Structures are given as structure tokens and as C-alpha cells.
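Trainee: One structure, as C-alpha cells, below. Some questions next.
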Amino acid sequence: MVDPKTFLAEAVEKLRAEVPGRTIVAASGGIDSTAAALLAQQALGDRARAVFVDTGLLRAGEPERVAELFRASGLVYRPVEASERFLKALQGVRDPERKRKRIGAEFVHLFEEEAAEFGTDRLVQGTIAPDWIESGGALRDTIKTHHNVGGIPKTSRLKLVEPLRDLYKDEVRAIARELGIPEPGRQPFPGPGLAVRVHGAVDRDRLRRARVANAVVEQEVERAVAANEMRPPWQYFAVLLDARTVGVTGDNRVHGEAVSVRIVESVDAMTATAAAVPPAVLARIARRITRELPREVVRVLYDVTDKPPATIEWE
Ligand code: XMP
């Protein structure tokens, strides 16, 4: 475990050496990139510009939550609304790997434009150790292609700066606390957002369903934790499946979609176990999802698989 104070002092010096002029910072609102952005702001002042992109693939209330987090952390940033552009890039794409690549490519284009506009070729990213370890290198199996690490093509003029790349999640959390970032215990959320939690076609309607279902899972789990019914899990979310299934409302049989609920315990996301959630909590989740999405989602499943053999996300 690194000592946060020592780490920060050294990281500031390194950043000043690595960024002679200006840089932009990719700030998603996650703990890693928020820590990287604040670090860059401390080291470089207004020579660093944090950019927050609303991809249209975020959870319910996310842009507002991020705005509040940045305000409370004292981070100055530029918000960019880009949902149209990301949805267009995903049009007709069903394959999860292609989704990730399209999203990665769109991020690169967008950050290239932002960097050019700010007069730099540097991009600070909050990459941490598990990102590149799991993203696969010459000697590793490619488990993930998503982490932005592999995402910057050699032809791009962007030069990556990754001040947190040797840290593990618990170390980043300690650093975030030291930087004064509130609620550092927030659950991780994947860069490609709801695109990896919507199986099959991604469109505004299916994103809306995933968003509603996910909000129910978050609210019910957080309520159960507050009521001492269960321990706080590492991650808890909903996945909209690419399945048509039959339900019944009143006297009518209807074809709708299915949602899988994923709630896991983990320390560093490298391995995870499916949480033993009280049946009453799961029942509340199922009832609310089907009630809030009538005739659209007619079935709710609970994923009982550990990692390995499954991953935490579905896609
Ligand atoms: P998996 O699904 O590989 O996930 O067991 C391990 C951890 O990484 C997160 N994750 C992602 N994070 N981009 C990200 O930035 C992604 O594409 C992505 N896929 C998974 C996942 O939420 C979990 O915490």
C-alpha cells in the first residue's frame, strides 16, 4: 500500500515534468479519473482542463451527480453533451466487442477535438493497474479490449499521461480521500456505460429501460443496506437482456424483455462472488422493475455466478 501523501507529492512533480504545456483530462466522474483530474489541477492549475462527456449511456441522474461531485471536490471542468454522436456510432451494432470499439473510437475522436481546441496533444487518464493488467498485453490473454488503455490508436496524435497506472483500487480510494473527494466508496461504473448493460441493439428506448431497472436495483440495495438487511456490495446493477419472453398482465399474455440483476462482493474486481441477497430484497426489486416498466420488462432474473468463471459485467 502506497502512502497517499508521498505518492501525491511525487505524482505532482512527475506530472509537471511530463506536461510542459497544456493538457486535457478525461473526467468520467468515477473515482479514478476524478482523482487524476484533481491531481492534474493541483500540479498544473489552469494548464489542465478536465472534460466530462455525457455519452447518453449514463445512469439516471448521473450528469447531475457528477456535477455535484466535481463542485464538492473543487474540480473545474468542461461538460460536453455528446449523446447523439455516441448513439449514432452504436446504431445497428449488436456485438459487444464492436460496441466497445465504436465507443472507444468515438471517445478518441472527441478528445482529439477537445485537445486541439485547448492547444495540446496530451490527455491525462485515470488508468489504474487492473485496467491494463486485464486489458491484455503481449503476454496476457485479451480479457478486455474496452479499457481506454488499448483504445488510443498509434495514429492518434494524443499522448497519454497516466499518473495512477501503478495503483490498485483500494490505493486510489486512499488517494481520493487525501485529495478531499467526497464519497470515495461509490461503486465502479464501466467507461462504455450502459452500452455493456444493454444486450443487443442499443437505442434510446432500450437505454431508458436499462436506466429505470438499474435505478431500482440501486435504490433497493441501498435501502436494504441502510436498514441493515445486507452488507454494502461492491457492485449492483441491472442488465437488459436480448430476449423476448412471455408475461401476463390481467387477462393478456404479452411479450416483453427480461432483466438480469447482478450484485457482487469483491475486493479489487479481479475476482468476485455473487452476493447472498435476502430473498425479500430480490422480490422487491423484481416487483418494482416490472411495475415501473409495464409490458416492457416482464421477467427479472438473479445472476448467481461468481467471477471466474463469469465476469462482473455481462458483455
Ligand atoms: P469484469 O466485467 O471484467 O469487470 O469482471 C471488472 C470490473 O471492471 C469494470 N468494467 C469496466 N470498466 N470499462 C471500464 O471502465 C469497461 O468496459 C468495463 N467492463 C467492466 C466492471 O464494472 C468491474 O468493476
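The values are calculated or read from the model by the stated rules, or taken from the named source; none is laboratory data. Worth saying up front: this structure is predicted, and the values here are computed from it rather than measured. Here the Cβ positions follow ideal geometry from the backbone for every residue, glycine too, while neighbour counts run over all protein chains shown. Quick note on the areas: whole protein, heavy atoms, side chains included, nothing else; ligands and nucleic acids left out. Shrake-Rupley method; radii C 1.70, N 1.55, O 1.52, S 1.80 Å.
Trainee: Would you please give the FRET efficiency between residue 2 and residue 271, computed as 1/(1 + (r/R0)^6) with r the Cβ-Cβ distance and R0 = 30 Å, to the nearest 0.05? Let's see the in-between values first.
Mentor: Working: r = 22 Å, r/R0 = 0.74.
In this case the efficiency is close to 0.85.
Trainee: Further, regarding this structure: Mind checking the angle between helix 96-118 and the chain's longest principal axis? C-alpha axes, 0 to 90 degrees, to the nearest 10.
Mentor: The angle comes out at about 40 degrees.
Trainee: Now for a different question. Mind checking the per residue accessible area of the range 216-273 for me, 1.4 Å probe, whole number of Å²?
Mentor: Values: 2830 Å² over 58 residues.
About 49 Å² of surface per residue is accessible.
Trainee: Turning to a different aspect of this structure: If you roll a 1.4 Å probe over the chain with all protein chains in place, what percent of the accessible area is carbon or sulfur? Mind showing how you got there, number by number?
Mentor: On the way: 7760 of 14960 Å².
Of all accessible area on the chain, carbon and sulfur atoms account for 52 percent.
Trainee: On to the next question. Using just the Cα positions, wrap the chain in a convex hull and report its mean projected area in square nanometres, one decimal place. All intermediate terms of the calculation are to be shown ahead of the outcome.
Mentor: Details: hull surface 66.9 nm².
Average projection, Cα convex hull of the chain: 16.7 nm².
Trainee: For the range 62-127, count all C-alpha to C-alpha pairs, find those more than 13 Å apart, and express that count as a whole percent of the total. Don't skip to the answer; put the middle values down first.
Mentor: Values: 1569 of 2145 pairs.
Everything past 13 Å amounts to 73 percent.
Trainee: Using each residue's phi in the range 206-213, evaluate 6.51 cos²θ - 1.76 cosθ + 1.60 at θ = phi - 60° and report the 3J(HN,Hα) Karplus result to the nearest Hz, with x for Gly and Pro.
Mentor: Running phi through 6.51 cos²θ - 1.76 cosθ + 1.60 with θ = phi - 60° gives 5, 5, 4, 4, 4, 5, 5, 4 Hz.
Trainee: Let me ask something additional. Please calculate the 1.4 Å probe accessible area of residue 31, with all protein chains present, and give it to the nearest 10 Å².
Mentor: 30 Å²
Trainee: While we're looking at this one, here's another question. Hey, what's the range 14-140 come to in accessible area per residue, 1.4 Å probe, Å²?
Mentor: Numbers: 5500 Å² over 127 residues.
Here the per-residue accessible area is 43 Å².
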